[in-house]
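I have placed the structure first, in the form of structure tokens, so that the comments after it can refer back to it.
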Amino acid sequence: MTGYAARVPSRRPPASACVVIVSAGFLAATATASAAEPSAETGANAAAPPAQLEEVIITGTKRAENVQSVPASVLAVTATGLERAQVRDFDDLTRIVPSLTITKTSQPANNSINIRGIGTYAYSIATEPSVAVVVDDIPQSFQAAAFTALLDVSQVEVLRGPQNTLFGKSASAGVVNITTGAPTPTFTARTQVIFTDDHEQRYQAVVSGPISSSLEYRLAANYSDYRGNVHDITNDQWLNGEQDASVRGKLQWTPAQAWTVTLSPWFINTPSSCCAGAPYFISPGVTFGKNKIPQSAILNGINSGPDNINARYDVVARGDGSDYGSGLKIAHDMPWATLALISSYDWYYLRDLQDTDSSDFNFQTVAPLAPPGGSANGGYFRVSATTEELRLTSADSGRLRYVAGLYHSRTGSKRQFVRGSNSLGTYGPLSSLPSANSTAYSSYLAHAVAATYAAFGQSTLSLTDKLDLTTGLRFNHEEDRYNFVDQGNNVIYGVPDCSTSSLTLPIRSCNTDNSVTGRGSIDYHLTPDHMVFAGYARGYKGTAYDLTSTLTVRTPLKTAPLTGIPTADAVAAKQPIPAETVDSYEFGFKNSFFKHRLTWNFAAFDEEFRGFQAQSRDQLTNQNVLNSIGKVTTRGVETELAALIGDFTLSAAGAYDSAVMNRFPNANCYTAQTVAQGCVNGQQDLSGKPLFNAPKWNLSLNGEFDSLLRFRDTRVFVSGGVRWQSQVVYNLLQDPDSVQPAYALVNAAIGLQNSRWKLTFFGNNLFDKRYALTIGRSAVYNISQTAVPPTDAITWTPTRDSFRYFGVRLEVDFGG
């Protein structure tokens with residue numbers, strides 16, 4: 001069944017027109033033969049059927065549709081497209097999805113997936129992400145769990161803009177929908193190995209086939225190991241590396257012709273040495289800590305600079321994650337619809353550890369009562385989630401096509417955190433160390449529970465043979481509660497459940513929230529291959545609690561009307577943080593030319609967020625807390641093109657996105673910001689400034705010549721890709737040291753392949769262009785922007801492709 005099958009008969013293309021691609025041919029643009037019946041002419045003189053771009057069917061709309069018929073901005077990438085662009089891990093998707101960026105900070109739980117510049121700007125177990133990640137109909141319970149190897153992935157779909165109608169309130173910016181391989185009726189097996197000269201190795205294997213006439217299976221396994229790119233001289237260890245040991249299985253049972261039962265368990269283990277930076281620049285004479293230690297004693301032989309990858313830590317960074325669970329889907333096909341019950345269980349655990357003072361300095365030498373070493377912070381995250389969805393999907397025939405359902409989820413999250421000595425203990429009689437940054441002792445245990453109940457529906461009505469109207473609506477009810485134990489001060493919030501009191505002020509540790517979201521669009525097919533569309537969507541991100549170390553600050557306030565009230569009690573009394581809403585407008589077109597050898601898609605968008613949730617300076621408590629910052633807008637255009645010219649496949653994609661904080665008058669100041677630079681009483685006005693990690697321009701171009709040379713059944717292929725990104729700022733507070741200038745990356749590959757094996761030699765970042773995963777001002781050094789000349793200290797974290805590297809990949813298909 002093709003995506004066109006959803007159209008009324010008069011709108012269907014001829015049988016020979018079996019394809020259209022979206023978004024940049026990152027999708028496998030393989031040649032496909034005409035589906036038309038062969039003519040009477042046969043033999044050597046028969047004309048070969050014309051090659052076409054591969055048809056792409058997406059499921060991100062919760063029904064199978066041809067992507068060219070979906071009236072929304074969707075980018076889909078097939079397994080072949082992922083391979084061509086050398087996309088192996090979730091992080092690599094930014095290479096081929098221009099409107100997608102990934103922000104990484106101090107540890108994996110603080111990672112943020114952003115679409116059109118919008119992501120998560122607050123990090124607490126009781127806040128929601130802005131982008132949902134869904135794997136085989138199962139939503140990821142914790143966004144950090146998404147950062148793994150893309151094992152046995154058959155397709156990735158990026159649905160841009162609010163997707164709350166079908167995916168709930170954690171999708172206010174968009175959805176990344178991942179589909180893995182399905183069991184096969186015949187035996188198949190394949191393996192893949194990868195080695196690189198910068199110490200990465202990867203092994204994957206997939207086996208699939210029948211157990212009986214009604215039972216099929218699929219099993220995929222991955223092991224990868226990347227050394228890392230920052231060298232900790234003190235411990236002689238490499239940091240920012242990661243291992244990934246993962247297994248995914250599927251067992252599909254067909255007890256009767258109209259019934260299908262699919263069990264899909266998984267186990268993923270991802271120990272990593274994330275996340276560490278290295279000195280990028282330090283002004284002469286700059287000192288370290290409150291005791292003004294000479295920088296030479298801290299660097300001890302390290303030469304800071306844009307090529308520096310050496311650092312000194314006395315705590316080895318860790319971010320070790322484990323994820324296991326299973327999905328269960330029971331589907332019953334009826335002549336007029338399919339009824340499916342989709343259930344899941346997910347358990348995720350992450351243990352993290354970071355060096356708070358970013359050095360190997362022994363503070364006991366200047367603070368004799370302190371324990372040996374410096375300061376560390378870390379603990380664990382523990383998340384368990386269950387979901388149930390009852391979904392009714394209509395048949396693809398007829399003028400009215402719909403999907404409707406009921407949804408329930410329950411997520412329990414726990415965060416244990418300590419900021420203290422290197423062993424995560426206290427500082428003895430001291431409350432902190434004499435460091436330039438904050439090392440105040442803090443220890444807490446937070447627990448949050450969120451239960452969601454929802455009803456949703458979306459339909460497409462063909463008003464005429466060319467005009468469609470799509471509408472959708474979702475009602476969502478959520479119940480949230482938390483408890484928080486300040487272990488250092490022996491203070492508890494939210495105990496017993498739904499407690500409304502602290503030691504001084506009333507609080508709300510439980511909350512209920514109702515929301516209605518929806519969408520509407522209209523599309524007009526000029527011809528079966530040319531469509532224009534326009535749409536509106538209403539998005540929603542629920543209320544949130546800021547369960548962080550701020551709730552351990554017991555310093556009495558000195559300003560009315562809360563004079564004498566502990567800071568933490570005042571912060572708790574202002575929660576929960578109000579919900580965030582978004583109104584999104586889209587207009588675009590989708591086109592296919594030259595009998596499906598060329599596609600070109602375009603979309604313009606305008607999104608306005610109100611009550612945007614982000615960290616800001618609270619005027620009353622003088623703390624950095626989660627708050628609603630007012631108005632944020634993101635406006636721009638997205639375009640994709642794919643072409644098949646003989647044996648040459650070309651794909652291109654681009655995005656222009658202006659993501660701006662329209663109203664943010666009480667933002668925090670960045671480190672060492674002066675009055676002349678806009679910092680007044682610890683606050684600055686960021687109204688009109690861009691969101692961080694939101695480049696205005698992002699362009700990519702990929703191409704492959706499939707048959708450069710042929711030797712019987714073996715052919716030589718070459719491929720290459722270029723990605724260019726405009727300047728970006730990595731700090732929401734607009735730290736000028738966090739600006740990453742525009743850069744371009746060039747990748748290339750050459751190889752041999754036949755029907756059974758494929759050998760590829762590849763090189764990434766061929767021109768050895770330096771760029772940062774994140775960069776910014778260091779808080780551990782004593783710098784002054786009022787000195788003459790001003791002094792500065794900058795730290796950078798290189799990304800996986802910050803340095804040129806080469807590799808080899810071998811794939812073997814054992815067939816059946």
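The values are calculated or read from the model by the stated rules, or taken from the named source; none is laboratory data. All values reported here derive from a predicted model rather than from experimental measurement. Note: ideal-geometry Cβ built from the backbone for every residue, glycine included; neighbour counts use all protein chains shown. Heavy atoms of the whole protein, side chains included, go into the accessibility calculation; ligands, DNA and RNA do not. Shrake-Rupley method; radii C 1.70, N 1.55, O 1.52, S 1.80 Å.
Descriptive notes on the structure:
- Thr105, Thr621, reordered so the largest accessible area comes first (probe 1.4 Å): Thr105, Thr621
- The helix-only estimate of mean residue ellipticity at 222 nm for the chain, built from DSSP H runs of length n ≥ 4 each weighted as -39500 (n - 2.57), is -500 deg cm²/dmol after division by the residue total.
- A viscosity of 1.306 mPa s and a temperature of 10 °C, combined with the Kirkwood radius over Cα pairs in Stokes-Einstein, give a translational diffusion coefficient for region 267-317 of 123 µm²/s.
- Packing-based ranking of 350-362, 115-127, 446-458, 550-562 yields 115-127, 350-362, 446-458, 550-562, ordered from highest to lowest mean Cβ neighbour count within 10 Å.
- Applying 1/(1 + (r/R0)^6) with R0 = 45 Å to the Cβ-Cβ distance of Gln257 and Cys510 gives a FRET efficiency near 0.40.
- Between Val808 and Asp768, the modelled label-to-label distance comes to 2.3 nm, taking each label 7 Å out from Cα in the direction of the beta carbon.
- Counting only Cα atoms, the size of region 632-757 along its three principal axes is 75, 27, 22 Å, in decreasing order.
- Solvent-accessible area of Tyr348 with every protein chain in place, 1.4 Å probe, in Å² to the nearest 10: 10 Å²
- Summarising the overall dimensions of region 285-347 from its C-alpha atoms, the Rg and Dmax are 27.8, 78 angstrom.
- Long-range HN-HN contacts of Val491 with modeled amide H, under 5 Å: Asp486
- Summarising the amide proton neighbourhood of Ala694: residues at separation of 5 or more, or on other chains, whose placed amide H is nearer than 5 Å comprise Val729.
- If R0 is 30 Å, the Cβ-Cβ spacing of Leu400 and Ala182 corresponds to a FRET efficiency of close to 0.55.
- Given their separation in residues at 0.36 nm each and the Cα-Cα distance between them, Ala744 and Ala676 gain 21.1 nm when the chain is fully extended.
- Trp253 contributes about 120 Å² of solvent-accessible surface, heavy atoms of the protein only, 1.4 Å probe.
- Scattering profile of region 477-543 at q = 0.13, 0.18, 0.19 Å⁻¹ [log10 I(q)/I(0), Debye over alpha-carbon scatterers]: -0.59, -0.80, -0.84
- Ordering of 137-144, 713-720 by burial proxy (mean other Cβ atoms within 10 Å per residue, highest first): 137-144, 713-720
- For the chain: accessible area per residue (Å², 1.4 Å): 39 Å²
- Carbon plus sulfur fraction of accessible area for region 197-291, probe 1.4 Å, in percent: 58 percent
- Between Leu709 and Trp336, the distance separating the two model label sites (each 7 Å from Cα on the Cα→Cβ line) works out to 6.3 nm.
- Surface composition of region 454-606: carbon plus sulfur atoms hold 62% of the accessible area, using a 1.4 angstrom probe and ignoring ligands, DNA and RNA.
- Cβ-Cβ FRET estimate between Asn300 and Tyr203, R0 fixed at 25 Å, reported to 0.05: 0.05
- Across Lys329/Lys696; Lys466/Lys541; Lys104/Lys769; Lys329/Lys595, pairs whose alpha-carbon gap is larger than 29 Å: Lys329/Lys696; Lys466/Lys541; Lys329/Lys595
- Descending semi-axes in whole angstrom, ellipsoid equivalent of the chain, from the Cα gyration tensor: 46, 31, 25
- Spatially proximal lysines relative to Lys558 (Cα-Cα < 27 Å; intrachain offsets below 8 disregarded): Lys290, Lys574
- Distance from the C-alpha centroid of region 524-539 to that of region 553-586: 43 Å, rounded to the whole angstrom.
- Our estimate of slack between Arg663 and Glu608, defined as 0.36 nm per intervening residue step minus the Cα-Cα distance, is 18.6 nm.
- Along its principal axes, region 543-695 has C-alpha extents of 76, 36, 26 angstrom, given from the largest down.
- With DNA, RNA and ligands ignored, accessible area of Lys689 (1.4 Å probe; Å², nearest 10): 90 Å²
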